[in-house]
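The values are calculated or read from the model by the stated rules, or taken from the named source; none is laboratory data. All values reported here derive from a predicted model rather than from experimental measurement. Here the Cβ positions follow ideal geometry from the backbone for every residue, glycine too, while neighbour counts run over all protein chains shown. These accessible areas exclude ligands, DNA and RNA; they are computed on the full protein's heavy atoms, side chains included. Shrake-Rupley method; radii C 1.70, N 1.55, O 1.52, S 1.80 Å.
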Amino acid sequence: MAEIACTHCNLSFSEEIMINESLGEKQLHFCCKGCQGVYHLLNEEGLDTFYDKLGDTKLQPAVQKNDDLEKFDLEGFKNKYISVHDDGLHEVNLIIEGIHCSACVWLNEKVLHKKEGVIEASINYSNNKAKIIWDPELIKLSELIETIRSIGYNAYPYDPKLQEERAIATRKTYYSRILVAVFGAMNIMWLAVAHYAGYFTGIEQSFKDILNVAEFILATPVLFYSGWIFFRGAYYGYKNNIVNMDTLVASGALSAYIYSIYAMITHSGEVYFDSVVMIITFVLVGKYLEVLSKKHAVDTLDSMMGSTPTEVTLLEDKIKTLVSVENIVVGDIIELKPGEKLVIDGNILWGEASFDVSSLTGESEAIFKKKGDSLLSGSVCLDSVVHYQASKDASNSMLSSIVSLLEASISKKPRIEQLANKVSGYFSSTILGIALLTFVAWYYFAGSFETALIVGISVIVIACPCALGLATPMATLVGMSKAANRGILFKEATFLETMAKANILALDKTGTITEGKPSVVNANLYNDFDPAMLLALVNTSNHPIAQGIRSYLEAEYNVLSQLELSHIKSIEAKGLQAKYKDKTLLGGNAELLSHLEIDQKTETENSLFLFAIDNVLVARFELTDHIREGAKEAIANIQDLGIKVMMLTGDHAQSAKKVAKEVGITNIHTNLLPQDKAALIDKLHEKGHVVVMAGDGINDAIALARADIAIAMGKGADVAIEVSDIVLLDEKPQGLYEAFKLSRRTYGAVKENLGFSLLYNVVAVPLAVLGYVTPLIAALSMSLSSLVVVANSLRIKQIKFKDK
């Protein structure tokens with residue numbers, strides 16, 4: 001059987017074992033699936049001119065490890081790692097292995113977006129985590145993994161425990177490569193001292209040859225073993241028509257190495273093996289320190305899930321069994337022992353204990369819980385055994401919600417990062433162009449190939465796209481990690497940037513400035529009526545005023561019969577209406593009962609609740625709500641930041657003014673319907689303001705949706721939390737101040753990082769072009785520039801807040 005060449009790698013094999021296919025009139029032959037996949041990928045990406053440049057050169061067949069692809073489509077994998085959206089789309093978080101710079105991120109995102117069925121593919125450079133959303137009807141996850149592998153990277157599901165194991169393996173790889181590099185660098189510097197001494201005082205050629213060979217022996221393993229990660233990254237960059245940081249390092253070091261061999265053999269010029277070793281050593285050590293810093297920054301987020309129990313003790317007919325958390329349903333009874341972490345929300349049925357809630361709120365003081373109290377997942381039981389009933393399943397509990405928010409937040413790139421990535425995408429290509437022009441200019445004017453080459457290498461090595469690529473993701477990751485520790489959850493990293501630019505804070509009154517637990521301070525009953533009717537009416541609402549009336553009735557009357565109402569109607573921002581038998585019940589504020597021709601006595605600083613039966617006023621209640629602890633101080637701190645604070649409330653003017661006066665707010669808007677609040681925010685937008693809105697109720701949902709940044713209190717209505725951009729878990733007003741301070745500090749760090757990165761390159765590259773920088777100094781400068789960006793980002797952790 002005749003042998004034919006593989007269309008991709010040009011190696012010849014027997015025709016009977018080849019994979020044959022037709023593309024138009026062209027007959028294709030492939031020696032393996034790897035070559036076939038790479039060929040089609042290059043064609044799809046418009047890179048088929050690669051084969052014209054290749055000519056008759058033979059390649060190694062494209063080896064792809066795809067024997068484990070089927071596991072990504074198994075039901076067990078789906079249940080553990082994949083979340084299914086309401087519209088049927090699938091979402092997964094992956095770690096992409098092999099990413100070295102922002103160009104790697106760009107390449108992976110571009111290739112994935114080109115696959116039919118991929119809705120979103122976003123990769124965070126700081127931790128290499130990819131968020132991918134796709135349509136399972138059009139493409140399988142295994143196909144996406146195969147695509148990632150086909151361009152030289154690998155992907156595996158994000159799991160904090162596995163991530164730690166892989167991080168340790170990565171560190172060990174760096175250890176061995178750094179060990180070789182440092183050993184080579186220390187020894188080659190001794191030889192270089194002798195070399196330079198001989199250069200100035202004179203040295204016989206035979207001794208010089210010995211030193212050159214010794215330096216060559218030391219430089220070779222450093223370049224090809226320690227520097228292998230740069231060559232690998234450069235190869236895949238070239239393969240996909242991308243110039244990245246690895247290309248700059250590899251091309252600079254290899255150019256100096258090849259020239260040094262030429263100089264060593266021909267005895268013309270000086271060797272630069274010491275520069276080769278120093279380039280690889282400095283950049284490799286810098287890269288390793290960068291990896292350690294990024295890992296330290298994401299540890300806070302990983303630790304939230306890393307220690308989460310996978311099983312709980314289920315109580316069923318007095319029998320205790322260990323059950324997977326995924327199998328717990330609402331209503332199940334769970335036993336919690338001292339030292340155990342809650343993984344499912346619920347309510348205590350038996351027992352009492354102290355709970356550590358520091359992972360949720362940042363508060364170190366334990367909270368005592370007894371029968372009837374609610375428990376949130378993420379809390380740790382400290383000192384007793386309790387039995388509690390699950391109120392949510394695992395996927396909808398607080399801890400899972402927090403982790404989902406955090407995972408989603410770090411995958412969304414701020415606008416400033418998107419711009420930086422776009423710039424760094426062209427940066428490396430521009431630097432290579434500048435280096436080439438520098439080489440030509442120096443060779444033409446100086447007449448020395450050696451001098452021109454060394455100056456060109458210095459230009460390549462000193463430029464640092466990494467500092468530019470790291471500037472934003474590193475700062476935002478540290479900022480969001482710090483915020484999570486303080487009980488502040490940003491749903492997207494983009495919101496840090498928006499909030500940093502905000503100049504107006506709009507606050508709802510009830511539940512935001514106040515505790516949202518109004519109590520009756522004055523009750524006037526005008527006619528005899530069955531209080532059970534009022535209890536039945538307020539039981540149809542979750543509004544804080546209704547809950548306050550219910551608490552009053554339950555305290556005043558020992559036993560009230562349960563009545564069944566009909567035609568129940570909630571009247572927006574006014575109150576409630578219902579029917580009991582042939583009676584019409586009305587309960588709400590003065591505006592709801594304004595059609596009644598009676599003296600309602602609305603002149604009061606307290607909140608009012610009026611109750612009428614068949615249009616006859618039978619009861620009048622005054623309620624007051626307590627100001628949240630620290631609200632006055634937090635609002636003053638926010639105003640000190642130059643932010644204008646205003647109150648938006650549906651309550652009447654007197655009550656609103658009383659609260660506003662206590663907390664120091666002078667800009668008050670009262671008697672607002674939900675749509676009125678939204679319209680007011682729209683007017684502020686028209687004047688060019690960036691508005692932050694904080695609220696906790698259903699009637700805040702519209703206004704929250706209209707604001708640039710919506711903040712919901714952690715125990716507020718689900719609707720309010722759903723439309724919010726930031727969630728305050730501990731509900732303390734101090735969290736609002738800290739969110740503003742953190743966002744401004746983080747955005748400031750981003751601008752500092754970008755400013756430094758740009759300034760560094762603007763200054764360093766011209767100095768290298770003019771010949772003032774050696775390759776050794778260039779390598780050191782490049783590594784230090786990245787470390788400066790990382791160190792500046794970590795300074796966010798040292799932020800100080802004013803006392804409450």
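List the pairs whose first member sits in the stretch 219-235 and is without any contact (Cβ under 8 Å) to a residue 24 or more places away in the chain, whose second member is in a helix (DSSP H, G or I) and among the polar types (S, T, N, Q), and whose Cβ atoms are under 8 Å apart, counting only residues at least 6 apart or on separate chains?
Short answer, once both residue conditions are applied: 234/247; 234/251.
Looking only at the stretch 637-669, how many residues end up being within 27 Å of residue 688 (Cβ to Cβ) and open to solvent by 40 Å² or more (accessible area, probe 1.4 Å)?
So the answer is 8.
Return the residue satisfying two criteria in turn: it lies in the stretch 615-639 and is without any contact (Cβ under 8 Å) to a residue 60 or more places away in the chain and under 27 Å from residue 684 (Cα atoms), and of such residues it is farthest from the chain's Cα centre (by Cα).
So in the stretch 615-639, the residues without any contact (Cβ under 8 Å) to a residue 60 or more places away in the chain come out as 615, 632, 636, 639.
Add one more test, that the residue is under 27 Å from residue 684 (Cα atoms), and what stays is 632, 636, 639.
Details: 632: 32, 636: 30, 639: 29 Å.
Here the answer is 632.
Would you check which residues across the stretch 703-728 are out of contact with any strand residue (DSSP E or B) (no Cβ under 6 Å at 6 or more places or on another chain) and at pLDDT 75 or above and list them?
Scanning the stretch 703-728 gives 705, 706.
Mind checking whether some residue in the stretch 602-619 is modelled with pLDDT under 90, of a type in the set (S, T, N, Q) and open to solvent by less than 20 Å² (accessible area, probe 1.4 Å)?
There is at least one residue in the stretch 602-619 that is modelled with pLDDT under 90, of a type in the set (S, T, N, Q) and open to solvent by less than 20 Å² (accessible area, probe 1.4 Å).
Just to verify a result, which residue in the stretch 98-117, among those that are open to solvent by 20 Å² or more (accessible area, probe 1.4 Å) and at pLDDT 80 or above, is nearest to residue 790 (Cα to Cα)?
Across the stretch 98-117, the extreme among qualifying residues is 109.
Find the residue count for the stretch 135-166, including only residues that are assigned to a helix (DSSP H, G or I) and either surrounded by 17 or more Cβ atoms within 10 Å (Cβ to Cβ) or at pLDDT 85 or above (or both).
The number of residues fulfilling the criteria is 12.
Taking residue 570 and the conditions (1) at pLDDT below 85; (2) more than 27 Å from residue 731 (Cα to Cα); (3) touching a strand residue (DSSP E or B) at 6+ places or on another chain (Cβ under 8 Å), which numbered condition does it fall short on, given that it satisfies the others?
Condition (2) is where residue 570 drops out.
Based on this model, can you work out whether residue 482 counts as among the basic types (Lys, Arg) and modelled with pLDDT of 80 or more?
It is true that residue 482 is among the basic types (Lys, Arg) and modelled with pLDDT of 80 or more.
It is to be established whether one or more residues within the stretch 498-508 are open to solvent by less than 10 Å² (accessible area, probe 1.4 Å) and without any contact (Cβ under 8 Å) to a residue 40 or more places away in the chain.
There is no residue in the stretch 498-508 that is open to solvent by less than 10 Å² (accessible area, probe 1.4 Å) and without any contact (Cβ under 8 Å) to a residue 40 or more places away in the chain.
Given the options 625, 682, name the one that is open to solvent by less than 60 Å² (accessible area, probe 1.4 Å), farther than 20 Å from residue 588 by Cα and modelled with pLDDT under 90.
Just a single option satisfies the conditions, and that option is 682.
Scanning the stretch 765-798 for residues that are open to solvent by 40 Å² or more (accessible area, probe 1.4 Å) and of a type in the set (Ser, Thr, Tyr), which turns out nearest to residue 248 (Cα to Cα)?
Applying the filter and picking the extreme gives 774.
Any residue at all in the stretch 217-235 that's modelled with pLDDT under 75 and either part of a helix (DSSP H, G or I) or over 18 Å from residue 454 (Cβ atoms) (or both)?
no
For every residue, the table says whether it meets (1) within 30 Å of residue 735 (Cβ to Cβ); (2) of a type in the set (D, E, K, R); (3) assigned to a strand (DSSP E or B); (4) modelled with pLDDT under 80.
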position	(1), (2), (3), (4)
298	yes, no, no, yes
308	yes, no, no, yes
323	no, no, yes, no
343	yes, no, no, no
363	yes, yes, no, yes
372	yes, no, no, no
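What about residue 254, is it open to solvent by less than 40 Å² (accessible area, probe 1.4 Å) and either at pLDDT below 80 or assigned to a helix (DSSP H, G or I) (or both)?
For residue 254, the condition - open to solvent by less than 40 Å² (accessible area, probe 1.4 Å) and either at pLDDT below 80 or assigned to a helix (DSSP H, G or I) (or both) - is not met.
Of the residues that sit in the stretch 237-251 and are of a type in the set (Ser, Thr, Tyr) and buried (at least 20 other Cβ atoms within 10 Å of the Cβ), which one is modelled with the highest pLDDT?
Restricting to residues being of a type in the set (Ser, Thr, Tyr) and buried (at least 20 other Cβ atoms within 10 Å of the Cβ), the top hit is 251.
Could you check, for the stretch 271-288, whether at least one of its residues is farther than 21 Å from residue 193 by Cβ, open to solvent by 10 Å² or more (accessible area, probe 1.4 Å), among the basic types (Lys, Arg) and modelled with pLDDT under 80?
Yes, that holds for at least one residue.
Yes or no: the stretch 563-573 includes at least one residue that is surrounded by 14 or more Cβ atoms within 10 Å (Cβ to Cβ), within 27 Å of residue 661 (Cα to Cα) and touching a residue at least 24 places away in the same chain (Cβ under 8 Å).
Yes: the stretch 563-573 contains one or more residues that are surrounded by 14 or more Cβ atoms within 10 Å (Cβ to Cβ), within 27 Å of residue 661 (Cα to Cα) and touching a residue at least 24 places away in the same chain (Cβ under 8 Å).
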